[in-house]
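Have a look at the structure below before the remarks.
The values are calculated or read from the model by the stated rules, or taken from the named source; none is laboratory data. The structure displayed is predicted, hence computed values, not measured ones. Glycine also receives a Cβ, built like all others from the backbone with ideal geometry; neighbour counts cover every protein chain displayed. Note: areas computed on protein heavy atoms with side chains; ligands, DNA, RNA excluded. Shrake-Rupley method; radii C 1.70, N 1.55, O 1.52, S 1.80 Å.
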There are 4 protein chains.
Amino acid sequence: MIKVGIIGATGYTGVELVRILSAHPEAEVVAMSSHSHVGKAFHHIYPDKTGIMEDVLEAQDPSMIFSKADVVFMALPHGHAVPVAREGLSQGKPIIDLGADFRFKDKAVYEQWYKVEHTGEDILPMAHYCLPEINRDEVPGTRIVGNPGCYPTSVILGLSPLLRRGWIDPKRIIIDAKSGVSGAGRKMALGSHFCEVNDSIKAYGIGTHRHTPEIEEQLGKVAGQEVLVNFTPHLVPMTRGILSTMVADLTEDVTQEQLREAYRESYDAEPFVQLLHEGTFPSTKWVYGSNQCHIQVQKDERTGRVIVVSVIDNLVKGAAGQAVQNMNLLFGLEETMGLTMPPMFP
Amino acid sequence: MIKVGIIGATGYTGVELVRILSAHPEAEVVAMSSHSHVGKAFHHIYPDKTGIMEDVLEAQDPSMIFSKADVVFMALPHGHAVPVAREGLSQGKPIIDLGADFRFKDKAVYEQWYKVEHTGEDILPMAHYCLPEINRDEVPGTRIVGNPGCYPTSVILGLSPLLRRGWIDPKRIIIDAKSGVSGAGRKMALGSHFCEVNDSIKAYGIGTHRHTPEIEEQLGKVAGQEVLVNFTPHLVPMTRGILSTMVADLTEDVTQEQLREAYRESYDAEPFVQLLHEGTFPSTKWVYGSNQCHIQVQKDERTGRVIVVSVIDNLVKGAAGQAVQNMNLLFGLEETMGLTMPPMFP
Amino acid sequence: MIKVGIIGATGYTGVELVRILSAHPEAEVVAMSSHSHVGKAFHHIYPDKTGIMEDVLEAQDPSMIFSKADVVFMALPHGHAVPVAREGLSQGKPIIDLGADFRFKDKAVYEQWYKVEHTGEDILPMAHYCLPEINRDEVPGTRIVGNPGCYPTSVILGLSPLLRRGWIDPKRIIIDAKSGVSGAGRKMALGSHFCEVNDSIKAYGIGTHRHTPEIEEQLGKVAGQEVLVNFTPHLVPMTRGILSTMVADLTEDVTQEQLREAYRESYDAEPFVQLLHEGTFPSTKWVYGSNQCHIQVQKDERTGRVIVVSVIDNLVKGAAGQAVQNMNLLFGLEETMGLTMPPMFP
Amino acid sequence: MIKVGIIGATGYTGVELVRILSAHPEAEVVAMSSHSHVGKAFHHIYPDKTGIMEDVLEAQDPSMIFSKADVVFMALPHGHAVPVAREGLSQGKPIIDLGADFRFKDKAVYEQWYKVEHTGEDILPMAHYCLPEINRDEVPGTRIVGNPGCYPTSVILGLSPLLRRGWIDPKRIIIDAKSGVSGAGRKMALGSHFCEVNDSIKAYGIGTHRHTPEIEEQLGKVAGQEVLVNFTPHLVPMTRGILSTMVADLTEDVTQEQLREAYRESYDAEPFVQLLHEGTFPSTKWVYGSNQCHIQVQKDERTGRVIVVSVIDNLVKGAAGQAVQNMNLLFGLEETMGLTMPPMFP
């Protein structure tokens, strides 16, 4: 059994890690930390875990947590992972960071968009951005896993087959993304208040969302050239789910069937990515609670553009599930282990 | 008092007309028809109207309804308005059609997208597409009002200030639109079943939605040249509301402040269109139940594009409210009469 | 025009007062105060009010506010109304308190349930609990209006016809009540976080909810004897609305038709209370945004009990709408003035 | 591997059986039937099952289905199970009926409440009502499993500890129950239309709901005497979940601690029933997607009554999960096999 520690276990990505890991056949949660609930039983914070996870939350002491665990998941917001990663390196144990601190090769990009200083430039070379369907070969030797952001996961899986083939203009990509409220976490904010969100949709962060440079850097690696996107996120009255709608200019005269074939080539062997059957467009509920990504691609003959729609559960494939997928790869387990729970519909 | 008839009073646009007209100081509903509820009291179909509208529904006999009314609202789906309009012409009374039958100048476009024959080519010249903020001068003499579609209303109000000034490329407009479920009407369909919609967002009708040609025709008139758009609609788990996110290439080197000034010029005198203060992006709940349209415009310096977000209540400014606004113009009343109810928030 | 001041204008009952009063033909909001938003324009806090209410929020200085206003609505939580009421008395102007400070005749009951000291025992005799359908005659001369709580409004309207006739056992009343989230206000709390509420229902405050003694005191006055209730509230994933389900033992052998007749007698002349037609049970959406209360009564022959279901919009008939109704009575206006907006359905 | 057939696989209980069984280590779905989708692949009806269940739906031919399967789940509405059960008896294989046809010992009660004739009086003695926590010993030899209704499951688990001890008056039980919309199934009905349900709660079936006699019969067996209840169901704007609030008169002078001790005695060894810690009241989302039942019990000193609140996921513990639990018992498997998925929160 892999012994797992979770730093920041009482946020929504933390509790999702607990949900997934509590049913994982080869992993066991041995330490969970929290800022504000030290000393309390986990199921007193999350009563849904009554009878499932009743361990006591401990203080956020990386040294102590690494000493008990074979791997540590870091489920705090960005800006706190560097010292934890250093502790992991010193104890020779890997960290999987669900925040943004290890997602960028260039710390200047991070600092520009996140508005905080990055104090770990020296260890950045030891970190890898790990989205298994794109670069699973790089994961096993990694000491620091930069677990992808939720929006970027949906976008990168959605556009890679086209960019890899050079079929779309990398400077003319329009991304319209929609997220459920859990993406903003459990912290209290007016923007997450039920009455402000319910029965309503809004746009936010236009032109400034921090997932923009992550998308551009990763898509750029896939395309082999610079990628520039417009990324507009929206908040939808639902708990979980991300749907990204991507519109791009076709630079090759490909048919709808060729487009579908490209996606089949990319994903037919992937257990967590499904190209939906022709004419069916994705719905976030269809991946609810699962590690699945559903995709549809559609050529628009009138405009010569291609529209790609992808959906994921932001807390699973967009966060905790993908992190466990990376853990499986790190430890040489079957990649799908503990991640085969079907989506819950309705 | 203007005597009003409503054909198709028990659909969602019909009941919204009843809500608005029951509080209109110069109008009175004198006849309401229904396919399936003839002979029943209106409040037995809509118990929310108990004590407010308890009249009995009659059969859909246009001749009878026009004989009682000064104006008839046609709230049936497309394909049924031509004979009703002929009856109105013969009795010398105007019709306001909330369906699509009189929205196109060219019947071939209608037939291509709606897949039904248009049997009223001869009376099309008497019809006008009436979106007051764009062409209110044309309304008063009209005998047949083609009331705009819900998505097009949000898009046309959102993009007209830019197209009128020639600031964006009319062939490179990407529209990502999101609608509440009431846009699909009260008819029973799996796609409107609570469990299929709740806590989920989905895309639909990619490249094929019938509002596409309506948007292109009307924006083309504003731009003075052909307009080509990608239009992708989505279904959001909310009852009312449309949010349209529009991305376009700037063809002029305008600043963010010039963009805002353009919208102020267009809409400062408009009672039903509000440019939100800088940095605030629209939310559909902020116009819930009102005839308001909220807009925000944002330049993206990185990509040289402009993003416009607009919201309306699809049943009010997107249907029944705009129809009453047109009625007010037709009868020489104050344009805002009966339409000043504030949005309901929260 | 009645000049109105609102203390606590940026809470949900405050903004609802603004919505209603902005459309009231004989009232005008002249002063609005806030704890945390002093100096800001109202529509910057509530963008839905753009173009509708753009006045600047001022500090909560009762003396200043009463000096401008003919009447002051107090829309803060309990515990703050006594000094404001004293200021009103000193300036000879009425206060309508939407909190609980003036709802009880006996300060000991208030202190026991609300766990704070009541510092205004001397002015309690000048206060009246004003639920117009029950005691509208007492309103006009009142200087301090204790505006009823939301749950109690639905319950008192629901049970009064039976208790007044002595048809049910006053010691055996079981009340199961369900509220939308706006009842908890705009303050940030985990219990109002979208992800904790959405797609879920929960019970809370079992046996301890503060509306219990208010219900018992007021029903006791109607019954002419002591009333004892079990009151169990629930939180429902909806923004507005209260539904109360009340079960009581019939002490008389009355028929279903006699039960309905009793409600008709009580409410046929009431503009804001509707007995639904036989077999139709209330739905909160049917009163959404309106000052209406819908009621159904049903005898259960098997058990000899009667079930009453009532619904209101907690922010309107359960708070701001009822407060304006009381204002109309205080100032000798038509009781329904500014309150005839129909419910919004769907 | 147990070979499983599902009759009525495309309804909501059917698809939930597919979800659960597709992850069950000792069961395999070998046949699925449907009325209206014969010949279609399952994931074309439920795209969420893409990559998970892509078998083709067959006609509802019980003989054929039993010939392939070791056990058949019957997931059609009531009124269709008798001939299927006969076929199972003839082939010597058990049936688990998720409808109501085998829930009653007395066919007259069934016929009175369900308004259809029961044609299987002769095989009723071979059927058992199987709620494992109450009567798991009776399951193994059963040929026909009457799987409990959703509301009754929540109520029976909630009240049994009190009735078994004779602590409450069996003739004075008031049950107020709230269900998500999936309880009404996937069939299209105005009452399940998103816009009629969203942001609203309503009561229905007052005094007439068919789960009433099921509750009374089963609680009567537990109590050893006749039980009479008032049962009032409500529809809540959520997809899954049932919350039952039960109020009863205490007939013994027991303390709050004794009440809790009674529940601990009943349920401490039960893997699927959790007594929440003191002061925490159940929320349906806390059992979402799981086979768990959460319960809280609270004495109300003022009235001498006890309030019990229980929650389940209506599609899991209230239907498909409990059915699989019964299958496990029938086949001598670990009772929890395939049912340990944690609830999904948020």
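So which residues of the stretch B:264-285 lose at least 40 Å² of accessible area, probe 1.4 Å, when you go from the chain by itself to every protein chain present?
By number: B:Gln274, B:His277, B:Phe281, B:Lys285.
What does the copy distance list look like for A:Ala269, label position 7 Å along Cα→Cβ, in nm and ordered from shortest?
Once sorted, the set of distances for A:Ala269 reads 5.2, 6.7, 8.4 nm.
Taking just the alpha-carbon atoms of the stretch C:2-129, what radius of gyration and Dmax come out, in angstrom?
14.9, 46
Counting only protein chains, not ligands or nucleic acids, how are D:Asp249, A:Asp61, C:Asp268 ordered by accessible area (probe 1.4 Å), most first? Write down the numbers at each step before the final one.
Working: D:Asp249 25, A:Asp61 65, C:Asp268 115 Å².
Sorted descending by solvent-accessible area, the residues read C:Asp268, A:Asp61, D:Asp249.
Over the stretch C:2-129, what is the percentage of antiparallel beta bridges among all DSSP beta bridges, to the nearest 5?
5 percent
Can you pull out the trypsin sites (Lys or Arg not before Pro) in the stretch B:83-117 whose DSSP state is coil and whose Cβ has at most 11 other Cβ atoms within 10 Å? Let's see the in-between values first.
Numbers: sites: B:Arg86, B:Arg103, B:Lys105, B:Lys107, B:Lys115; in loops: B:Arg103, B:Lys105, B:Lys115.
Here the sparse-neighbourhood loop sites are B:Lys115.
To one decimal place, what orientation-averaged projected area in nm² is obtained for the convex hull of the Cα set of chain B? Intermediate results must be reported in sequence, preceding the final value.
Details: hull surface 67.7 nm².
Hull-based average projected area comes out at 16.9 nm².
Name the residue farthest towards the positive end of the dipole of the stretch C:151-314 from the options C:Gly191, C:Val306, C:His277, assuming +1 on Cβ of Lys and Arg, -1 on Cβ of Asp and Glu, about the Cα centre.
My answer, from the dipole projection, is C:Gly191.
Tell me the accessible surface of B:Leu21 in square angstrom (1.4 angstrom probe, heavy atoms of protein chains only), to the nearest ten.
For B:Leu21, the solvent-accessible surface is approximately 0 Å².
By accessible area of protein heavy atoms, probe 1.4 Å, what ranking do D:Met337, B:Met188 get, highest first? The partial results should precede the final answer.
On the way: D:Met337 45, B:Met188 100 Å².
Order by accessible area, largest first: B:Met188, D:Met337.
At q = 0.08, 0.18, 0.20 Å⁻¹, what is the base-10 log of I(q)/I(0) for the stretch C:151-314 according to the Debye formula with one equal point scatterer per Cα and no solvent? Please give it to two decimals.
Reported log10 I(q)/I(0), two decimals: -0.23, -1.12, -1.33.
What is the spin-label model distance, in nm, from A:Val109 to D:Glu252 if the labels are put 7 Å beyond Cα along the C-beta direction?
A separation of 6.9 nm, rounded to one decimal place.
In deg cm²/dmol, rounded to 500, what helix-only [θ] at 222 nm does chain A give when every DSSP H run of at least 4 residues adds -39500 (n - 2.57) and the total is split over its residues?
Numbers: 11 runs with 99 residues, N = 346.
The helix contribution divided over chain A gives -8000 deg cm²/dmol.
For chain A, what does the relative contact order come out to in percent, with C-alpha contacts under 8 Å and a separation of six or more? Before the final figure, lay out the partial values.
On the way: 758 pairs, mean separation 58.5, N = 346.
Contact order relative to length: 17 percent.
Just the accessible area per residue of the protein assembly as shown, please: how many Å² with a 1.4 Å probe? Before the final figure, lay out the partial values.
Working: 41510 Å² over 1384 residues.
Solvent-accessible surface per residue comes out at 30 Å².
So how strong a dipole does the stretch D:151-314 carry about its Cα centre when Lys and Arg Cβ are +1 and Asp and Glu Cβ are -1, to the nearest 20 debye? Let's see the in-between values first.
On the way: 17 positive and 20 negative charges, 114 e Å.
Magnitude of the dipole: close to 540 debye.
Measure off 7 Å from each Cα along the Cα-to-Cβ vector at C:Leu190 and D:Arg143, then give the distance between these two points in nanometres to one decimal.
5.4 nm
How many nanometers, to one decimal and shortest first, lie between the label point of C:Glu111 and those of its other copies, if labels sit 7 Å from Cα toward Cβ?
In ascending order, 6.2, 6.7, 8.5 nm.
Given a Förster radius of 45 Å and the C-beta distance between C:Ala41 and C:Glu261 as r, what FRET efficiency does 1/(1 + (r/R0)^6) yield to the nearest 0.05?
Numbers: r = 53 Å, r/R0 = 1.17.
Efficiency at R0 = 45 Å is approximately 0.30.
Taking the Cα centre of the stretch A:2-129 as the origin, how large is its charge dipole in debye, to the nearest 20, when only Lys and Arg (+1) and Asp and Glu (-1) carry charge on their Cβ atoms?
Using Cβ point charges on Lys, Arg, Asp and Glu, the stretch A:2-129 gives about 80 debye.
With +1 on the Cβ of every Lys and Arg and -1 on the Cβ of every Asp and Glu, and nothing else charged, how large is the dipole of the protein assembly as shown about its Cα centre, in debye rounded to the nearest 20? If you can, show how the numbers build up before the last one.
Values: 124 positive and 168 negative charges, 1 e Å.
Result for the protein assembly as shown is approximately 0 debye, rounded to the nearest 20.
Roughly how far apart, in whole Å, are the Cα centres of the stretch B:174-213 and the stretch B:114-143?
26 Å
Calculate the length of the line joining the C-alpha centroid of the stretch C:309-346 to that of the stretch A:260-305, in whole Å.
Distance between centres, Cα-based: 51 Å.
Using 0.36 nm per residue of separation minus the Cα-Cα distance, give me the extension gain between B:Gln91 and B:Glu26 in nm, one decimal. Let's see the in-between values first.
Values: separation 65, 0.36 × 65 = 23.40 nm, distance 2.18 nm.
Extra length available between B:Gln91 and B:Glu26 comes to 21.2 nm.
Chain pair B, A: how much accessible area is buried, both chains summed, with a 1.4 Å probe, in Å² to 100?
Details: alone 14540 and 14510 Å², together 25000 Å².
Between B and A, the summed buried area is about 4000 Å².
What nm distance separates the two modelled labels at B:Met337 and D:Val56, each placed 7 Å from Cα along Cα→Cβ?
Here the modelled spin labels are 6.6 nm apart.
In nm to one decimal, list the spacings between the B:Thr208 label point and its equivalents in the other copies, with label points set 7 Å along Cα to Cβ, shortest first.
Inter-copy label distances (nm, one decimal, shortest first): 4.1, 4.2, 5.7.
On a 1.4 Å probe surface of the protein chains, which of B:Glu335, C:Glu265 comes out largest in accessible area, and what is the full order?
Values: B:Glu335 30, C:Glu265 125 Å².
Per-residue accessible area, sorted high to low, gives C:Glu265, B:Glu335.
Too long at a 29 Å Cα-Cα cut-off: which of B:Lys49/C:Lys299; A:Lys115/A:Lys178; B:Lys317/D:Lys187; C:Lys40/C:Lys93?
Numbers: B:Lys49/C:Lys299 25 Å; A:Lys115/A:Lys178 24 Å; B:Lys317/D:Lys187 33 Å; C:Lys40/C:Lys93 27 Å.
Result: B:Lys317/D:Lys187 exceed 29 Å.
Restricting things to alpha carbons, tell me how big the protein assembly as shown is in terms of Rg and Dmax, in Å.
31.4, 90
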